[in-house]
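Have a look at the structure below before the remarks.
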Amino acid sequence: LVTQCKCEISADPSSDNPRVLITDMGGIDIKKPPLEVFNSGPFVYADVLDYKNLRELVVNNRITWLVHYSALLSAVGEANVTLARTINITGLHNVLDLALENCLRLFVPSTIGAFGPSSPRDPAPDLCVQRPRTIYGVSKVHGELMGEYLHHKYGLDFRCLRYPGVISANTKPGGGTTDYAVQIFHDALSTGHHECYLRPDTRLPMMHIADCHRATVEFMQAPECQLSLRTYNIAAMSFTPEEVADEIRKHLPQLKVTYNPDAVRQTIADSWPVRFDDSNARRDWGWQPAYGLPELVTDMLCSIREKRRNSGLPVR
Ligand code: VAH
């Protein structure tokens, strides 16, 4: 079942809008399409390893864009290396072949996890040494290289953004290394205590889900002639656990955070960039984030409070 992906299909086949198939493992909230491009269409379940099934979805729904989010993230991938390699690489190859065969515009996200300890960390540029130390990072570098190869060799309209840690109130932590930055909000509004698996000074690039969606749509809509790269870093902010805790305490002064670094995830985080250089994205297609740390904290607390109220849960 873990290879199943949730696919959203644009519900407006008659319009000139792109008809978008989004594959997801539930790790990115796609229930709230950021713009009309992602019409809220029906969800269907498919197996990202079943090429025939994916091809039927593409052909029967006259798909023109494919957004491929299905992947196991960093920490869960280290606990399931064979499964992560199968989903993240074999699943990717199904999607690459499908896009080539059907002339789709293809978006595959990469990540800060595509860099390793020998990469420049502060900031990490778009083009530099990439020797990641996780199967997740290795699979994402493979995706970047395969997509760019098929673009240059066969003209595939492959597009890739390296996401920071994506912070959403609508998606529970999904086995990533940046997930403490989601859990801390749920803990602040429930128990008032968060135990952090990273050191208090671990700085990582992060982004609000709304900026992540908007960047993806704006990049997918950018004219080819504007793109000097096929794979871009995008950035919004970088913060440490103690910084996000201090910002939350401006709203919830009683928040208590204890630190119990987890060796696996601390080692992963220490191998990743501290900050991203996303100047090429800002220059080529006008990338500009809307959420900084204060805006992210305000929105996350407000959204999770509302969800807790709607679920009849106590709210701090
Ligand atoms: C992870 N949230 O922690 C994901 C992400 C930037 C890292 O790819 O694995």
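The values are calculated or read from the model by the stated rules, or taken from the named source; none is laboratory data. Every value quoted in this text rests on a predicted model; they were computed, and no experiment measured them. Note: ideal-geometry Cβ built from the backbone for every residue, glycine included; neighbour counts use all protein chains shown. These accessible areas exclude ligands, DNA and RNA; they are computed on the full protein's heavy atoms, side chains included. Shrake-Rupley method; radii C 1.70, N 1.55, O 1.52, S 1.80 Å.
Evaluated over the chain, the count of Lys pairs having alpha-carbon atoms less than 27 Å apart is 22 (only pairs 8 or more residues apart or interchain).
Using alpha carbons only, how many degrees (0 to 90, rounded to 10) separate the axis of helix 91-101 from the longest principal axis of the chain? For 91-101 against the chain, the angle is about 40 degrees.
Charged side chains reduced to their Cβ positions (Lys and Arg at +1, Asp and Glu at -1) give the range 237-302 a dipole of some 80 debye around its Cα centre.
Against the chain, whose longest principal axis comes from its Cα atoms, helix 180-189 is set at around 50 degrees.
Kindly express, to the nearest 10 degrees and within the range 0 to 90, the angle between helix 51-60's C-alpha long axis and the longest C-alpha principal axis of the chain. On a 0 to 90 degree scale, this one is about 80. In whole angstrom, note down how far apart the Cα centers of the range 255-285 and the range 121-142 are. The range 255-285 and the range 121-142 have Cα centres spaced 12 Å from each other.
Toward the positive end of the charge dipole of the range 62-157, with +1 on the Cβ of Lys and Arg and -1 on the Cβ of Asp and Glu, the farthest Cα among Leu98, Pro125, Thr86 is that of Thr86.
Contact order for the range 163-308, expressed relative to its length and based on alpha carbon pairs under 8 Å spaced 6+ residues apart, stands at 35 percent. Near Leu313, once Lys and Arg are set to +1 and Asp and Glu to -1 for all other residues with Cβ below 15 Å from its Cβ, the sum equals +4. How much of the accessible area of the chain, probe 1.4 Å, is carbon plus sulfur, in whole percent? Reported share for carbon and sulfur atoms: 52 percent.
Using the Cβ of Val138 as centre and a radius below 12 Å, the other residues enclosed give a net charge of +2, where K and R count +1 and D and E count -1.
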